[in-house]
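Take a look at the structure below.
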Amino acid sequence: MKNRLFTGLAAGALIGAAASLMAMPRMDYRTRRKVNRAGKRMAHRLEDIVEDLRDYMK
C-alpha cells in the first residue's frame, strides 16, 4: 500500500513536469533546454528517493 503511494507521487510529479513542458511553447530554446534539464535531474532524484523509501519500508 505504501509503495503505491510513493509510486503514485512520483508518477504525478513526472506527469506534472511533462504538462508544464507542453504549456510553454513560446519560450525560447535556451529556457526550454534549462527546464528540460532541471526536470530530468528532478526525476532522477525522485527515483532515488522512491528507491530509498522502498528499501526503508522492507
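Looking across segment 35-55, the residues that are over 22 Å from residue 4 (Cβ atoms) and surrounded by 12 or more Cβ atoms within 10 Å (Cβ to Cβ) come down to 35, 36, 39. The residues of segment 15-38 that are closer than 30 Å to residue 58 by Cβ and modelled with pLDDT of 80 or more, listed by number, are 15, 16. Tally time: how many residues in segment 17-31 are part of a helix (DSSP H, G or I) and either loosely packed, with under 11 Cβ neighbours inside 10 Å or over 16 Å from the mean Cα position of the chain (by Cα) (or both)? Adding up the residues that qualify gives 5.
The values are calculated or read from the model by the stated rules, or taken from the named source; none is laboratory data. It should be emphasised that the depicted structure is a prediction, and the values quoted were computed from it without experimental measurement. Here the Cβ is made from the backbone with ideal geometry for all residues, glycine too, and neighbour counts use every protein chain on show.
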